[in-house]
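The next block holds one structure in the form of C-alpha cells; read it before the comments.
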C-alpha cells in the first residue's frame, strides 16, 4: 500500500479530528493505495467543511466498484457517527461533523 498527498493539497488549518479521520481512513484503505486529493483547498460548495479544515477527499478511481463499496462500508464503520462518508464519482468525501 502506498500513502500520498496529491501535489498542491493545502493542509494549513486542518483540524485535529480531521487528522484522526485521515489516519483511520489510511488504515481502512489497506491494502489499496491511499491518496488524499483535497483538504483545505479546491473548489467546493459554499458551506463545505473543507474550508474550515473539517473535511478531506481521498481517491477511489483506482479501485473496482466492489472494492470501492467495501472500503466505503468499512470507512463508515471505522469512523463512526461523528464522520460523514460520501462516495463521489472519483473520490470519497469524508467530513468531521459531530
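What follows draws every value from the coordinates through simple rules; no lab data is involved. In this text the structure is predicted, and so the values were computed from the model without any measurement. Cβ sites come from the backbone with ideal geometry, for glycine too, and all protein chains shown count toward neighbours.
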Using Cα-Cα distances under 8 Å and only pairs 6 or more residues apart, what relative contact order does the chain have, in percent?
29
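Tell me, 17, 88, 95 in order of fewest to most beta-carbon neighbours within 10 Å? Don't jump to the answer; show the numbers that get you there.
Working: 17 16, 88 9, 95 21.
Ranking 17, 88, 95 by Cβ neighbours within 10 Å, fewest first, gives 88, 17, 95.
List 91, 50, 62, 44 from most exposed to least, where exposure is judged by having the fewest other Cβ atoms within 10 Å. List each step's numbers first, then the result.
On the way: 91 18, 50 23, 62 11, 44 14.
The most exposed by this proxy come first: 62, 44, 91, 50.
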For the chain, longest principal axis from Cα atoms; helix 16-29 axis from its Cα atoms; angle between them, nearest 10 degrees, is 10
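Taking neighbour Cβ counts within 10 Å as the exposure measure, how do 36, 94, 24 sort from fewest upward?
Numbers: 36 20, 94 26, 24 17.
By the 10 Å Cβ count, ascending, the order reads 24, 36, 94.
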Cα gyration tensor shape of the range 40-92, rounded if a/c is under 1.5, else prolate or oblate by comparing a/b with b/c:
oblate
What is the Cα coordinate range of the chain on the first, second and third principal axes, sorted by size from largest, in whole angstrom?
31, 30, 21
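Sort 7-16, 26-35 by packing, meaning the average of other beta carbons within 10 Å per residue, with the highest value first. Working shown, then result.
Details: 7-16: 12.7, 26-35: 15.6.
Put in order of decreasing packing, that is 26-35, 7-16.
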So what is the 222 nm mean residue ellipticity for the chain from helices alone, if each DSSP H run of at least 4 adds -39500 (n - 2.57) and you divide by all residues, rounding to the nearest 500 deg cm²/dmol?
-9500 deg cm²/dmol
Count the DSSP beta bridges whose two residues both fall in the range 3-96, then state the antiparallel fraction as a percent rounded to the nearest 5.
80
